[in-house]
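Sharing a structure here in structure tokens format.
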Amino acid sequence: ELIEYLDENADIKDRFQSEYTSAERNYTNQVMESAELFEEQFQYQELRDLLLSAADIIKGNSEFDNMYERYKDYDPSVFNFCPIVNNSSVDIEKAYDIYGSEYRNVIKIPHSGSGAKTLEFRLPSGYNRLFGTLFICQDDMYKYDSNDQGTTTVLFKDDDGNVIAEYTGISYKNSVPINVPILDVQFLTVEVKRDTYKTVILGIRDAVMQ
């Protein structure tokens with residue numbers, strides 16, 4: 001009946017649609033402001049709950065959709081949700097290995113022999129070990145080059161800068177599983193080194209804490 005009434009009264013229908021659009025826009029702005037604040041404060045559980053509750057109304061907004069895809073599966077034991085606190089810029093997205101296998105939510109770290117790349121992750125308490133796989137991944141910009149025979153080394157360091165795990169020989173054809181002791185580690189440093197100057201991307205995939 002409301003729809004029929006609005007169809008018969010164009011001016012009222014236009015005003016109704018305008019007010020509805022304005023309310024929807026205000027709601028979207030409020031949700032995104034709260035979401036960005038939660039993200040800045042590393043309150044990922046609250047952020048996930050907010051995004052899930054607003055999805056039916058806001059989905060289709062590109063900014064919301066990007067954040068929704070990033071946090072909808074939030075789990076505190078998943079390493080890629082640990083905040084990077086030293087402002088290094090990395091992508092966390094899908095990636096491929098040399099054999100074409102696709103992996104979701106890979107931590108992608110570009111690096112070369114020009115210098116070590118260092119990331120510092122803030123870890124939640126209550127976990128003893130970090131498991132996952134290190135590999136050199138491909139994307140649209142960085143592809144496998146058979147002329148590059150270089151390898152990557154990754155060091156994991158505790159709060160005091162002590163090396164607690166080291167993995168070497170990582171290449172396009174050689175992925176390396178990790179098992180890093182993280183008990184009582186609050187800030188985990190990941191240092192990535194390459195022995196050639198060609199830039200490649202280290203991927204950290206399937207990384208979980210137990």
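Could you work out what % of the accessible surface of the chain is carbon and sulfur, using a 1.4 angstrom probe and leaving DNA, RNA and ligands out of the count?
Carbon and sulfur: 44 percent of the exposed surface of the chain.
So if I place +1 on the C-beta of Lys and Arg and -1 on the C-beta of Asp and Glu, and nothing else carries charge, what would the dipole magnitude of the chain be about its Cα centre? I want it in debye, nearest 20.
That gives the chain a dipole magnitude of about 1300 debye.
Express the relative contact order of the chain as a whole percentage, based on alpha carbon pairs under 8 Å and six or more residues apart in sequence.
That works out to 23 percent.
So which helices of the chain fit the span-like rule, where a helix is a whole DSSP H run, its Cα atoms reach 27 Å or more along the axis, and its mean Kyte-Doolittle is at least 1.6?
Membrane-span-like by this criterion, though nothing is claimed about a membrane: none.
Tell me the label-point distance for the pair GLN45, ARG25, using the 7 Å Cα-to-Cβ offset, in nm and rounded to one decimal.
Distance between label points: 3.7 nm.
Amide H neighbours of ILE164 under 5 Å, at least 5 residues apart or on other chains, H built in the peptide plane: list them.
It is PHE156, LYS157, ASP158, by chain and number.
Which listed residue (GLY100, GLN45, ILE170) has the Cα farthest towards the positive end of the charge dipole for the chain, taking +1 on Lys and Arg C-beta and -1 on Asp and Glu C-beta about the Cα centre?
ILE170
Would you give the gap between the C-alpha center of the stretch 22-50 and the C-alpha center of the stretch 76-123, rounded to a whole Å?
25 Å
For a test of the definition: using alpha carbon positions, the gyration tensor, and the 1.5 limit on a/c, classify the chain as rounded, prolate or oblate.
It comes out prolate by the Cα gyration axes.
Still on this structure, I have one more. Dipole of the stretch 100-209, Cα-centred, from +1 at each Lys and Arg C-beta and -1 at each Asp and Glu C-beta, to the nearest 20 debye?
For the stretch 100-209, the charge dipole is close to 220 debye.
Sort 101-114, 165-178 by the packing proxy (mean of other Cβ within 10 Å over each peptide's residues), most packed first.
Highest to lowest by the protection proxy: 101-114, 165-178.
Now, a different point. Under 13 Å from the 7 Å Cα→Cβ point of ASP139, by amide nitrogen: which residues of the stretch 167-210?
Output list for this probe position: 200-204.
Also, quick follow-up: What is the packing order of peptides 202-209, 74-81, 150-157, 136-143, taking the mean over residues of other C-beta atoms within 10 Å and listing the highest first?
So the order, starting with the most tightly packed, is 202-209, 150-157, 74-81, 136-143.
State in Å² the accessible area per residue of the chain; use a 1.4 Å probe, count heavy atoms of protein chains only, and round to the nearest integer.
Heavy-atom accessible area per residue stands at 57 Å².
With θ taken as phi - 60° and the coefficients 6.51, -1.76 and 1.60, list the Karplus ³J(HN,Hα) couplings across the stretch 112-119 in order, rounded to whole Hz; mark glycine and proline as x.
Result, ordered by residue: 8, x, 6, x, 6, 9, 10, 10 Hz.
Which cross-chain or sequence-distant (5 or more) residues have an amide H under 5 Å from the amide H of ILE170, H modelled 1.01 Å from N in plane?
Sorted by chain and number, the residues that satisfy this are THR152.
List every residue whose amide H lies under 5 Å from the amide H of GLU93, counting only residues 5 or more places away in sequence or on a different chain, with H placed 1.01 Å from N in the peptide plane.
ASN105, VAL106, LYS108
Separate question: Tally Lys and Arg at +1 and Asp and Glu at -1 over the other residues with C-beta under 15 Å from the C-beta of ASP159: what net charge comes out?
Around ASP159, the surrounding residues sum to -3.
Can you pull the accessible area of LEU50 for me, 1.4 Å probe, Å² to the nearest 10?
Probe radius 1.4 Å; accessible area of LEU50 about 40 Å².
The values are calculated or read from the model by the stated rules, or taken from the named source; none is laboratory data. Quick caveat: nothing in here was measured; it's all calculated off a predicted structure. Cβ sites come from the backbone with ideal geometry, for glycine too, and all protein chains shown count toward neighbours. These area figures cover heavy atoms from the full protein model, side chains too; ligands, DNA and RNA do not enter into them. Shrake-Rupley method; radii C 1.70, N 1.55, O 1.52, S 1.80 Å.
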